[in-house]
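Worksheet: the structure to be examined is printed underneath.
Just so it is clear, none of the values below were taken in a lab; they were calculated from the coordinates. Nothing here was measured: the structure is a model prediction, and the numbers come from that model. Here Cβ is always computed from backbone atoms with ideal geometry, including for glycine, and neighbour counts include all displayed protein chains.
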Amino acid sequence: MEEEDSPIYAVVQKSTKENGDPPPIRSEFLVSFLVDKRGGALTGSRGSGIRLIIPPKALEQPIRIKCSYCPPDIPNSLPPLLDGDAIASSGVIQLDCSPSEAKLLRPMLMELPHFCETEQVGRELIVIKSLDGLTWSEHSQFHCAASGWNQTNEEDLYMDVVSQLQLSTVKDDLDTDRIVRVSLISFPKYVAVVSRTRSKSATITKEKGGILKSQNVTVIFPMNCVQKKIKAGLQVRGINQKNLGDLPLGWETSPVLSISPLNRRLHEPIAIQLPLGGWKSRIDREIKVLVLKSASDAPTWEDYTPYTAIEFQDNELLVFTKVTGLFWVFLTTKPSSNAAEVANTLYKSISSVQYLCEVIVFYRPEFPRAWCNTFRIHLTNRRGLEQFSESKLNNWKLCLRRPVSLEEGKYRFRFNQGLVLVGQDESILGQIVDTLDFRPFLEDSLTLVSRKMDQQPLVRQPTLEMSKSDSGATVLDAELEVQL
């Protein structure tokens, strides 16, 4: 395909005064903009974080491009996400151009920030696109980096546009160093950045079979297991130390394995090889192979051990099965009839996606009464303090700004070191905590009224403690820059 052969970055030849080419344009846009053969750099306003760079002579005629984030309630705008996948940017980007038959003669570059934890074990970012919102495909021409950009390399990529418009670096222009760059040679209807479990794929044929390997896990497809050529994938979802601590005493577990295409019956059994290096003695233990039957809000794992063959070879465990799907192997103590219940409890935790966001706290002294103070807490993915109304008011002061990595759910907040909460009826609530529901890319805020404890001097600076509501694990315990 032409798009796959195009370079990730368009290197534009310098335009000179001798050839009479007009300079590219540079502007901001709210929803749409008009661009012609001059090309240019267009940056989304109001904190959208989108920047489009269109090289000169990439268009045959002037066109109007509409570029915006789709609200999550618009039909056919959200891609079909698998279990454990999540949108990594502020939403799905919708592109519309007028006239609709307009084409690009040179690749256009779209730059947008993402907010998913790229260092999370076994995860990766991909870009998918769609022409109608119904059929989605993976887009190969993109680049993602979590570190700062090298300005020299950026000038090499956009020599003409950067030199004439004196563009700042992507990090400075978009106010973040988590940037995804997408090269487009056409105008898809929708573009989305997705965080998913890292995947390995291979082509499986009847004559040769195939092998998939990821994170010390190997899946062997023998000959004649399929009747026609298929593309198979393997995803290995690791278990962190926190989740391992939630296992019953004496239990051990493998990673969660996803073999696609899911729920496909094969003609010959495939072999799943799992290393046993970290597993202890198998005396008084038994192997339980579980398969995921439902991946809804209430995941349902079932015991699939009677339908598999299990062998031990050297320091490996071999599991043979004729069906693909999501598998989870437990080494349990006898009796282990509750293995499926343990898996149902742990699976939601290990499937959660970590989002990079900020805890921002504003402070208004002597409000609503002279003897109390008001704190407003924001959990946000938005960039820059100018997005908050409190930053524009003189009577509000910033007292805390910390980056954190959160998963979707409820979080508890409480004051320590000499501060107590005050109720709406001005009664003292003491150390009662308030909760805030974090939902990615949606505005969440909590207002707390507090006062200083009576007859207790402030030995240390007051602190704000943030913890998970379900597990009680502390996420943040930071000092507040306030003077009481």
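Does the range 355-479 come out rounded, prolate or oblate, given a ≥ b ≥ c as the square roots of the eigenvalues of its C-alpha gyration tensor, rounded meaning a/c under 1.5 and, failing that, prolate meaning a/b above b/c? It comes out oblate by the Cα gyration axes.
Across the range 106-112, computed HN-Hα scalar couplings (Karplus, 6.51 cos²θ - 1.76 cosθ + 1.60, θ = phi - 60°) run 9, x, 9, 10, 10, 10, 8 Hz from first to last residue, x flagging Gly and Pro.
Residues L317, L406, L244, arranged from fewest to most other Cβ atoms within 10 angstrom of their Cβ, appear as L244, L317, L406. Remark on V482: its backbone amide H falls under 5 Å from none of the residues 5 or more positions apart or on other chains, H modelled at 1.01 Å from N. Shown for S351, S100, S48: other C-beta atoms within 10 Å of each C-beta, ranked fewest to most, produce the order S100, S351, S48. Cβ-to-Cβ counts within 10 Å put V449, V127, V422 in ascending order as V449, V422, V127, the fewest first. Only lysines eight or more places from K242 in sequence, or on another chain, were considered; those with a Cα closer than 23 Å are K280, K288, K348, K410, K468. Applying both filters, DSSP loop and at most 16 other Cβ atoms within 10 Å, to the GluC sites (Glu not before Pro) of the range 101-145 gives E101, E119. Sort out for me the Cα centre separation of the range 464-484 from the range 284-360, rounded to whole Å. Between the Cα centre of the range 464-484 and that of the range 284-360, the gap is 34 Å.
Pairs exceeding a 23 Å alpha-carbon distance, out of K66/K103; K206/K322; K208/K228; K189/K229: K189/K229. Remark: the range 349-355, residue by residue, has Karplus-estimated 3J(HN,Hα) of 6, 6, 8, 5, 9, 8, 10 Hz, where x stands for each Gly or Pro and the curve is 6.51 cos²θ - 1.76 cosθ + 1.60 at θ = phi - 60°. Which of the listed residues, F438, L398, V361, is farthest toward the dipole's positive end in the range 355-479, when Lys, Arg count +1 and Asp, Glu count -1 at the beta-carbon? Value computed over the given set: L398. The lysines within cross-link reach of K397, meaning a Cα-to-Cα straight distance under 23 Å and a gap of 8 or more places when in the same chain, are K452. Positive-end ranking of L244, G209, F320 along the dipole of the range 201-350, with charges on Cβ about the Cα centre, is headed by G209. In a DSSP loop and with at most 12 other Cβ atoms within 10 Å, the GluC sites (Glu not before Pro) in the range 296-394 are E366. Annotation note: trypsin sites (Lys or Arg not before Pro) in the range 188-218 located in DSSP loop regions with a Cβ neighbour count of at most 12 within 10 Å are K208.
When the Cα positions of T374, F413, S469 are compared along the charge dipole of the range 355-479, T374 comes out farthest toward the positive end, with charges on each C-beta of Lys, Arg, Asp and Glu.
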